[in-house]
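Notes follow the structure.
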Amino acid sequence: MFLLGAVTLCCAIVAGTLTLLEPVFGQAPERQVAESKPVNVAAPAAVRVVGAPFVPNVKPRER
């Protein structure tokens, strides 16, 4: 509990200091994102299979 309180106090001090200094430095400029074409996540990706295909052992007595 002591460690949690110490970390919370340190974070609050840093956040408060940055809030007080914001008028001096001004707000950070917004980042520009490069335009790119959208990615189709639903499209199946090509998968390379290495080795023998998996065949489930449905008859454990026969190997």
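Read the figures in this text as sums done on the coordinates, not as results from a lab. Quick caveat: nothing in here was measured; it's all calculated off a predicted structure. Methodologically, a virtual Cβ is constructed for each residue, glycine included, from the backbone with ideal geometry; neighbour enumeration extends over all protein chains shown.
Axis of helix 2-25 versus longest Cα principal axis of the chain: the two differ by about 60°, to the nearest ten degrees. Candidate values [x] 48, 16, 7; [y] 53, 15, 10; [z] 76, 45, 18 were compared with Cα extents along the principal axes in Å computed on the shown model; the agreeing label is [z]. With R₀ set to 22 Å, the beta-carbon distance separating PHE25 from LEU4 gives a calculated FRET efficiency near 0.15.
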